[in-house]
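Have a look at the structure below, then the notes.
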Amino acid sequence: MFSADYHIHTSFSIDGEAPMEEMLLSAIDKGMNEIAFTDHVDYDPKYYPEPDYESYIPVFNKLKDKYKDKINIVFGVEIGLENQWADKINAITAKYPFDFIIGSSHCVLTKDLYFDRNEYFEKKTKEEAYSIYFEELYKNIQSCNDFNIYGHIDFVSRYGIYKDNSIKYKDYSDLIDKCLISLISKGKGIEINTSGFRYGINSTYPSLEILKRYRELGGEIITAGSDSHRPKDVADHIEHAYCMMKEAGFKYVSVFRNRKPEFIKL
Ligand SMILES: [Zn+2]
Ligand SMILES: [Zn+2]
């Protein structure tokens, strides 16, 4: 059965722990047919320097060729989407030949949900913090066009400071629907990000409940990604994510060529 991990970081990302080749070898070892390297580009200059693509691209091309009989690798990127950086984001996506672009909300109203966790969550109820997150996510979908899927769409729950950080669809249904409908109408997809199993929530981002809602609203573009930053996490729970896709009613998983989805039967 076809299997692809569409969210992998290498040491070209500031938080990546292993060179591209080590991540690639782990993916081959775990039986992946295809992977996407999606190193970070985020324009909050305090935390995320842009990868050095002049060095990156030759390494990528060499590895793609070297392992072409074993695995297909896709040139991707994970861009932190923020209204205020829309021009810079458009400039970088125009400059480099990415095949696949994950847009993610790592920062909300200039606060990084991980680095500025206390500043963002303190003095907000869970409902306020999560509602603002989805409102901003909706604005990003409207203002930033150049991405293929939204990454870990309920990411705000990864770093919440509440007793129960989980997101119940019913509590934010209007906001979540607004985001999903907007993504679908613009031809964008979502991912099943399996990193939740390593962040103690024992689930994916998003949960099956939100995934089912996306499908119910007509969403068809779906990928699965480990969001791995070290070799042992590559392909982690990808099989589980594929089972979730089937359970939610998807017939196809998406792969990307030149930023266009192609559909492979599940
Ligand atoms: Zn991310
Ligand atoms: Zn990531």
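Here the spin labels are modelled as points 7 Å beyond Cα on the Cα-Cβ line, and at GLU127 and LYS260 they lie 4.7 nm apart.
Placing a pseudo-label 7 Å from each Cα along the Cα-to-Cβ vector at ASP65 and ILE14 gives an inter-label distance of 3.3 nm. The mean of 1/r over all pairs of different alpha-carbon atoms in the stretch 72-204, once inverted, gives a Kirkwood hydrodynamic radius of 15.4 Å.
Farthest toward the dipole's positive end in the chain, which of GLN142, SER157, ILE79, given Cβ charges of +1 (Lys, Arg) and -1 (Asp, Glu) about the Cα centre? Toward the positive end, the furthest listed residue is GLN142. For the chain, the Kirkwood estimate of the hydrodynamic radius, built from every pair of different alpha carbons, is 18.4 Å.
A viscosity of 1.306 mPa s and a temperature of 10 °C, combined with the Kirkwood radius over Cα pairs in Stokes-Einstein, give a translational diffusion coefficient for the stretch 135-230 of 116 µm²/s. A Förster distance of 35 Å, applied to the separation of the beta-carbon atoms of GLU216 and LYS88, puts the FRET efficiency at 0.50. Ignoring lysines fewer than eight residues from LYS170 along the same chain, the ones with Cα atoms less than 28 angstrom from its Cα are LYS111, LYS123, LYS124, LYS126, LYS139, LYS178, LYS186, LYS188, LYS212, LYS246, LYS251.
Here LYS70 is the anchor, and the lysines within straight C-alpha reach of less than 24 Å, apart from those fewer than 8 places off in the same chain, are LYS30, LYS62, LYS232, LYS260, LYS265.
Quick note: the coordinates plus some simple rules give every number you see, no bench work behind them. Note that the structure is a prediction, hence the values are computed from the model and not measured. Positions of Cβ are backbone-derived with ideal geometry, glycine not excepted, and every protein chain shown enters the neighbour counts.
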